[in-house]
């Protein structure tokens, strides 16, 4: 209900602020409209000025035209004057009266001309003055118009930006309002569900309390009546009890060890960089080792710092071995962590190394103070650094003692483990504070040293590297402190397995794992599915099917053998007829040659010897014996004995030899093909065997992956619980975010008020300028 009231109050505040912003937006719109009307009026004035400019230009053109007419008139008058003078000279002899008349007319003309000239000059002067005044006024008005247009554009841009800004703000506020309403509804539903769940839980709790109380009474009565002794009271009897194995606790321990390993690795890298860059600085400041020899203290200090890796690397390696020793099939407790003793020894050796280099470091800082260019501020910072180094070394000494306590093999450590872990958490927070102070003081010292006149670039870069290493050290210490404080409940809690009322030793851990393996094999044998047997009646029915299938198989085999014999016989006949076709082709060629010879004899005039039909048939054909057949493995050959010539016999033998050679080559090619197929089948068989082996291996890997998947499922269930907690924290943070949004809205309101005041001031300035301009214009008129 409190959350609902808070949301309603926040919603009302948002509505009020939205109404205020809306009213302010209307005021800004009115100001924009006024500015637009003012710009329109200025444009009208500019048009009027342009019209007046055109009128003045027209007047100037008319005046120039009038001036030209007057000049032409003057020229005509001058010509008439010259003509009159010439006439007067001619008429002197005639009398005095006409000369007097001409003089009078000449004087009249001179006076008129003088007046016209003066009037022309006066008009020129007035026109020039009016033109200059008009140009000055036009330039001033154009400059003023440009300024006002720029100001109006700026005001319009400001108004547009404010409109965009406030529209965005209004949209964001509306979205936040919608989100808050949705969150409020969800929270109300969750609250109702929680009430229902609490009621159900209370009912179940009452039921369970009643059941537990009854069981407790029953078990107490049974123990009093039938249990002869309690084996947990004596340690000898209790050591015979087999402890249990908590797999979830083991996975959590492995995860915590992995996170601790990462933080310790970052801490070790930061400390390595810090010692290395400190050694580099000792060789640079206050004396540069490349120019002159440094002091014996700094030389010894640099030698010790050069050995830092031999103390820091074992820390990382021992913790890595400790992480590898924590597996799913092992039992993790303080009594069984044997590798923790190696880590404790490495940590104690590093703390003793810090204790060894501390006096040299303090003496080196004293030498920095004794340098000629050291100011009072630098000396004070060096003293603060001495205090920080002492504090850091003391914190590492405390951590060494706590780690040594945890690594003791005694059974009493488990009793004080909770207190040791809480003290270690506080000590890690102290380490983070000490590293933060060291980093701050050293950054101030580096900034002071940069102001010295004799500072070198090498020293500046070394100081920057030292500051970066100190920053990484501070970050790693802070992460370790928060990690330890977050997991303090898990570290200080009971491991969840062990003998009843006693402690766990490594021998009992081995027995626990052996019992676990036996239980796993027993469960696998129980879950193994047996092969199904065939019923008797079904076997009898299948027997007839099998006998009929064997008979049909034998018949098919006989048919295959007969078909193979037919195929071989047909191949032999094929070979025979191929040979007969070759012999027929040879005979045909011979007959063609014979016909060609007979035609040649006929053309030369020697009549060939022919046998007429009355003499009887051909003796060769008459005496031709019957053909003989020769069958062999290769094929069947028909031999026709006839009285042929030796050349025919040789050609026949050559054809037979060629046939048998081609047949032999074909058989060898078939044999080679069969060999290649056999080799190919053999390679395929080997490949199939390899695939079978790979399939077996993949099956094993898949079983292992299935186990890992089950482990990931359990881990994800744990993460689900943690994410639920984080979501609850985020809901609590939403209220803080709303408070910050209210603060930002108040700031925006102040900005809007200030912009309004600025805008009003600008409008008043603009009105004053326009009023002054109008006054000047009236005065000029």
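Every number in this text was worked out from the coordinates using simple rules, so none of it is lab data. Since this is a predicted model, take the numbers as computed values, not measurements. Backbone-built Cβ (ideal geometry, glycine too); neighbour counts: all protein chains shown.
Arrange the following residues from fewest to most other Cβ atoms within 10 Å of their Cβ: 109, 347.
Values: 109 15, 347 23.
The most exposed by this proxy come first: 109, 347.
Mind checking the full-extension length gain between residue 255 and residue 602? Use 0.36 nm per residue of separation minus the Cα-Cα distance, one decimal, nm. Before the final figure, lay out each step's value.
Values: separation 347, 0.36 × 347 = 124.92 nm, distance 11.64 nm.
Length difference between fully extended and current span is 113.3 nm.
Please rank 268, 32, 455, fewest neighbouring Cβ atoms within 10 Å first, as an exposure proxy. Mind dumping the intermediate values first?
Details: 268 22, 32 19, 455 15.
Sorted ascending by nearby Cβ count, the order is 455, 32, 268.
Going by C-beta contacts inside 10 Å, put 439, 84 in order with the fewest on the left. Write down the numbers at each step before the final one.
Numbers: 439 21, 84 15.
Arranged by neighbour count, lowest to highest, 439, 84 become 84, 439.
Could you work out the equivalent-ellipsoid semi-axes for region 247-498, taking the square root of 5 times each eigenvalue of the Cα gyration tensor, largest first, in whole Å? Could the numbers behind the result be given before it?
On the way: eigenvalues 313, 55, 47 Å².
For region 247-498, the semi-axes come out at 40, 17, 15 Å.
Subtract the Cα-Cα distance of residue 485 and residue 558 from 0.36 nm times their separation in residues, and report this length gain in nm to one decimal. All intermediate terms of the calculation are to be shown ahead of the outcome.
Details: separation 73, 0.36 × 73 = 26.28 nm, distance 8.73 nm.
Gain on stretching residue 485 to residue 558: 17.6 nm.
Evaluate the relative contact order of region 247-498 (contact order divided by residue number), counting alpha-carbon pairs under 8 angstrom at least 6 apart; express in whole percent.
Values: 251 pairs, mean separation 69.0, N = 252.
Worked out over region 247-498, it gives 27 percent.
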